[in-house]
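No lab work stands behind these numbers, since they all come straight from the coordinates. Bear in mind that the values here come from a model prediction, so they are computed numbers and not experimental data. Virtual Cβ from ideal backbone geometry, glycine too; neighbours counted across all protein chains shown.
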Amino acid sequence: MTQNQEVTWSCDILLEPFSWKDPKTVRVQPDLFEPEIRNALRDRVFAAMALCPEHRFWLRTAYPQLYSQYIEQIAHDRLEWLAWRVSASKILEELGRREEAAGEGPAWPLPNVDVE
C-alpha cells in the first residue's frame with residue numbers, strides 16, 4: 001500500500017481537494033478557529049472536507065475550545081446543522097452533483113478531520 005501524499009491547503013480555492021486524484025493527507029491553513037473567522041467560512045471548508053472522505057484533513061488551531069464549540073453546534077443545533085448543509089449543497093451544485101445533496105449527511109465530528 002502506498003503512503004498518502006501530504007499537501008497544504010490554504011482554503012482559498014475551495015474546490016481544490018476535489019481535483020486531487022489520489023487520497024492525500026491535507027494540512028489545512030489558516031487556523032480556521034481564529035476568533036475573527038466567521039462560521040460561514042468554516043461551514044464552507046467543513047462542507048468541502050465532508051465531501052472528500054478519501055482525504056485526511058489536519059487542522060492546527062490555537063483555539064481548541066472554539067473548535068469544540070463549533071462541532072457541538074453542528075452536531076446538536078438543528079439550525080446550525082442546516083446552515084452547514086446549505087454550504088455542502090452549494091458545493092455539490094458547483095460540482096454538478098446536486099442529486100447528492102439529499103440524505104442525512106455525515107456524522108459529527110467528521111471522521112476524516114483531526115485537530116492538533
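Report, by residue number, each residue of the stretch 90-116 that is surrounded by 15 or more Cβ atoms within 10 Å (Cβ to Cβ), assigned to a helix (DSSP H, G or I) and in contact with a helix residue (DSSP H, G or I) (Cβ under 7 Å, 6 or more places away or on another chain). It would help to see each step written out before you state the result.
Going residue by residue through the stretch 90-116, those that are surrounded by 15 or more Cβ atoms within 10 Å (Cβ to Cβ) are 90-92, 101, 105-106, 108-110, 112-113, 115.
Applying the additional criterion that residues be assigned to a helix (DSSP H, G or I) yields 90-92, 101.
Ile91, Leu92, Ala101, listed by residue number.
Hey, Leu82 hits all of (1) touching a residue at least 24 places away in the same chain (Cβ under 8 Å); (2) in a helix (DSSP H, G or I); (3) of a type in the set (A, V, I, L, M, F, W, C) but one; which does it fall short on?
It fails just one condition, (1).
Could you please give the count of residues in the stretch 64-116 that are closer than 17 Å to Leu15 by Cβ and of a type in the set (Gly, Ala, Ser)?
Of the residues in that region, 5 qualify.
What number of residues within the stretch 62-83 satisfy the criterion of being under 23 Å from Thr25 (Cα atoms) and either of a type in the set (S, T, N, Q) or out of contact with any Pro (no Cβ under 8 Å at 6 or more places or on another chain) (or both)?
5
One residue is enough: does the stretch 58-78 have a residue meeting the conditions assigned to a helix (DSSP H, G or I) and of a type in the set (D, E, K, R)?
Of the stretch 58-78, the ones assigned to a helix (DSSP H, G or I) are 64-76, 78.
Now drop any that are not of a type in the set (D, E, K, R), which leaves 72, 78.
Within the stretch 58-78, one or more residues are assigned to a helix (DSSP H, G or I) and of a type in the set (D, E, K, R).
Every residue in the stretch 9-24 that is surrounded by 11 or more Cβ atoms within 10 Å (Cβ to Cβ) and farther than 26 Å from Trp81 by Cα, please.
Trp20, Pro23, Lys24
Looking at (1) surrounded by fewer than 17 Cβ atoms within 10 Å (Cβ to Cβ); (2) part of a strand (DSSP E or B); (3) under 11 Å from the mean Cα position of the chain (by Cα), which one does Pro53 not meet, given that it meets all the others?
Looking at each condition in turn, Pro53 falls short on (2).
How many residues does the stretch 30-50 contain that are of a type outside the set (Phe, Trp, Tyr), assigned to a loop (DSSP other than H, G, I, E, B), surrounded by 14 or more Cβ atoms within 10 Å (Cβ to Cβ) and touching a residue at least 24 places away in the same chain (Cβ under 8 Å)?
Residues flagged as of a type outside the set (Phe, Trp, Tyr), assigned to a loop (DSSP other than H, G, I, E, B), surrounded by 14 or more Cβ atoms within 10 Å (Cβ to Cβ) and touching a residue at least 24 places away in the same chain (Cβ under 8 Å) within the stretch 30-50 amount to 2.
Please enumerate the residues belonging to the stretch 26-57 that are among the aromatic types (Phe, Trp, Tyr) and in contact with a strand residue (DSSP E or B) (Cβ under 7 Å, 6 or more places away or on another chain).
Once the filter is applied, which keeps residues that are among the aromatic types (Phe, Trp, Tyr) and in contact with a strand residue (DSSP E or B) (Cβ under 7 Å, 6 or more places away or on another chain), the stretch 26-57 yields only Phe57.
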